[in-house]
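Engineer: Mind having a look at this structure? Questions to follow.
The numbers here are math on the coordinates, done by the rules we state, and not lab data. What you are looking at is a predicted structure, and each value in this text was computed from that prediction instead of being measured. Positions of Cβ are generated from backbone atoms using ideal geometry, with glycine treated the same way; all protein chains shown enter the neighbour counts.
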Amino acid sequence: MKFDIGKIIMAVAIIIVAVFLLMLGGCEKMSGPNLETECRFTTPISVMVYELDQSEMDSKWEYYNKIKLPPNVHPKGFSTYNLVTQQNALFVLKIRGQNDHDRIETIGHELMHSFCGDWHPKTVLTND
């Protein structure tokens, strides 16, 4: 029985690539409920980002949301959309360094509102 070593190597390479691609697809962990609105990633958007300290954040949050914050509750960020200027505004806490994962994640969360609008159900404020 004669084997074509080139075909065997090609078959093994294809299997390895297929397994790798299947594993790579499973790397992204899906979490949370489905999006509440449809996202528009192909539409150009305009975004302004405002970095605030915690007292500024509390004040801006109460101003824009028209709700007094309960004691010891401090928002991490929020976003707004101006219908006249069609500009998105992200209000986020100042980043304390490259390992400030919580605040960096908040920027991404608020940016999603620029693409998806009110993309998640309303949540009760907690002091994380």
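Engineer: State, as an integer percentage, the relative contact order of the range 47-116 based on alpha-carbon contacts under 8 Å between residues 6 or more apart. Can you show the working numbers first?
Structural biologist: Values: 86 pairs, mean separation 26.0, N = 70.
Reported as a whole number, the value is 37 percent.
Engineer: What residue among 55, 71, 90 has its Cα farthest toward the positive end of the dipole of the range 47-116, where the charges are +1 on Lys, Arg and -1 on Asp, Glu, each on the Cβ?
Structural biologist: My answer, from the dipole projection, is 71.
Engineer: How far apart, in nm, are the 7 Å Cα→Cβ label points at residue 12 and residue 86?
Structural biologist: Those two pseudo-labels are separated by 5.7 nm.
Engineer: When the chain is fully extended, how far beyond the present Cα-Cα distance does residue 54 get from residue 72, taking 0.36 nm per residue of separation? Provide the component values of the computation, followed by the final result.
Structural biologist: Details: separation 18, 0.36 × 18 = 6.48 nm, distance 1.16 nm.
Stretched fully, the residue 54-residue 72 segment lengthens by 5.3 nm.
Engineer: Sticking with this one: How large is the dipole of the range 52-105 about the Cα centre if only Lys and Arg carry +1 and Asp and Glu carry -1, each at its Cβ, rounded to the nearest 20 debye?
Structural biologist: Values: 7 positive and 7 negative charges, 23 e Å.
The dipole of the range 52-105 has a size of about 100 debye.
Engineer: Which FRET efficiency value, to the nearest 0.05, is calculated for residue 39 and residue 95 with the Förster distance at 22 angstrom and r the Cβ-Cβ distance?
Structural biologist: On the way: r = 25 Å, r/R0 = 1.12.
Taking R0 as 22 Å, the efficiency between residue 39 and residue 95 is 0.35.
Engineer: Counting other C-beta atoms within 10 Å, which of 10, 57, 112 has the fewest, and how do the rest follow? Working shown, then result.
Structural biologist: Working: 10 11, 57 22, 112 15.
The order, fewest Cβ neighbours first, is 10, 112, 57.
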